[in-house]
Amino acid sequence: MTAMMELRESAGAGGMRRRRWFSSPEIDLIVWYGEDGAQDGFELYYDKNVSEHVLIWRESQGFRHLAVDDGEQKPALEYKESPILVPDGQYNAGRIRRLFASVRDELPKAIADLVELRLSRLAAPASGRESRENGGDN
């Protein structure tokens, strides 16, 4: 797997919350921070070159799993649409943990520890629905 690099940007630009973004050709990790400076969420994008998906965790909401519609699969259109996130409750929790483990050592320890802790609580989705951190409820 190719090394993760942190993308530098203005913290809080355009009224957005502070975030840190790490990227490789295969995986992106965006870590979100609350007003108090504590990490309160992350987005782990994977399979970027095949069929991109994202696992989102928020302190207030738990986990969601989505597919990335890249906007390029619309044969009737002559132009590319903007990528959007679409529901996709199916995922392989063990595979997501293994993918993260492959880049864990390239991340700051506090970030890696938070993501690893949350992923350790990730359960398989119930009946193809999105999973929440507390027991797999939706």
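For segment 43-62, the condition of being under 22 Å from residue 123 (Cα atoms), hydroxyl-bearing (Ser, Thr, Tyr) and modelled with pLDDT under 95 holds for at least one residue. Per the conditions (1) touching a strand residue (DSSP E or B) at 6+ places or on another chain (Cβ under 6 Å); (2) modelled with pLDDT under 95; (3) among the polar types (S, T, N, Q), the sole criterion not satisfied by residue 23 is (2). For residue 108, the conditions (1) buried (at least 17 other Cβ atoms within 10 Å of the Cβ); (2) at pLDDT 95 or above; (3) not basic (Lys, Arg) all hold with the exception of (1). What number goes with the only condition from (1) outside any strand (DSSP E or B); (2) of a type outside the set (Asp, Glu); (3) within 14 Å of the chain's Cα centre (by Cα); (4) closer than 15 Å to residue 111 by Cβ that residue 37 does not pass? Result: residue 37 passes all but (3).
The values are calculated or read from the model by the stated rules, or taken from the named source; none is laboratory data. The structure presented is a predicted model; accordingly, all values stated were derived computationally and were not measured. All Cβ positions, glycine included, derive from the backbone under ideal geometry; neighbour counts span all protein chains shown.
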